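Chemist: Once you've had a glance at the structure underneath, I'll fire off some questions.
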Amino acid sequence: MTAPRVEPPLPPVQRDRNRWLLVLILVLFLGSALVAGALRFSGWRPAGMQNRGELLNPPADLRGQTLRLSDGTVYDWRPVERHWRILVAPPADCASDCVELSRQLDLVWQLFGRNADRVDILWVGEVPEGAIRNSAWRVVEADRNLRATLPRVDGGTGEADNGVPAYVVDPNGFVILRYAPGFDPGDLRGDMAKLLKLR
């Protein structure tokens, strides 16, 4: 039986190099973890992860509301189907602004492509003459309780006087995002595109 072979000790230069390499690896690992933690707790988020609409916290809860469509039927939330909604509740005297808003919503809806069938556009109240409607439109009867539930439905401080806010409603019936009057339709489209990827 032969004795186990004993490795000769490393020369001091090699040993010091290995130690410094280990220290460098620890500094890189811990340093990146500290930077990530500092960014996380400071509230910073990459531009691709930020929503463009106003995140409502807490979200408005529409689950208890009975939304009645213009044909008299009840609009069901059906959360299992993972259907998203864009909701607008314009004032009764809305005319040209609402026609333009309908055009923008139609364009946004068309840009969803194959996911368009997972989005309903809920229009609360009368639809103005000349408004563009598509297959996603659901006209909901005007309801004071519904309007009262929507955050700043008649505009907020410092917002444009003309225009109508839009809301994103999740599959469960929670209003999660608000877009101020005069919003950029591209912002709505960008946020909805991210939400439609959620399953």
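Chemist: Suppose we filter region 52-84 for residues that are under 18 Å from GLU126 (Cα atoms) and basic (Lys, Arg); how many remain? Don't jump to the end; show me each part of the working.
Modeler: Step one: list which residues in region 52-84 are under 18 Å from GLU126 (Cα atoms), which gives 66-75.
Checking which are basic (Lys, Arg) leaves us with 68.
Counting residues in region 52-84 that are under 18 Å from GLU126 (Cα atoms) and basic (Lys, Arg) gives 1.
Chemist: Give ASN172, ASN162 a once-over and let me know the one that is touching a Phe, Trp or Tyr at 6+ places or on another chain (Cβ under 9 Å), open to solvent by 10 Å² or more (accessible area, probe 1.4 Å) and either assigned to a loop (DSSP other than H, G, I, E, B) or at pLDDT below 90 (or both).
Modeler: On the way: ASN162 fails: touching a Phe, Trp or Tyr at 6+ places or on another chain (Cβ under 9 Å).
None of the others qualify; the one that does is ASN172.
Chemist: Only one of (1) within 23 Å of the chain's Cα centre (by Cα); (2) open to solvent by 10 Å² or more (accessible area, probe 1.4 Å) is not met by ARG144, so which one is it?
Modeler: Status for ARG144: all satisfied but (1).
The values are calculated or read from the model by the stated rules, or taken from the named source; none is laboratory data. Given the structure is predicted, the values throughout are model-derived calculations rather than measurements. Cβ: placed from backbone, ideal geometry, glycine included. Neighbour counts: every protein chain shown. Accessible surface is based on the protein model in full, side chains and every heavy atom, while ligands, DNA and RNA are left aside. Shrake-Rupley method; radii C 1.70, N 1.55, O 1.52, S 1.80 Å.
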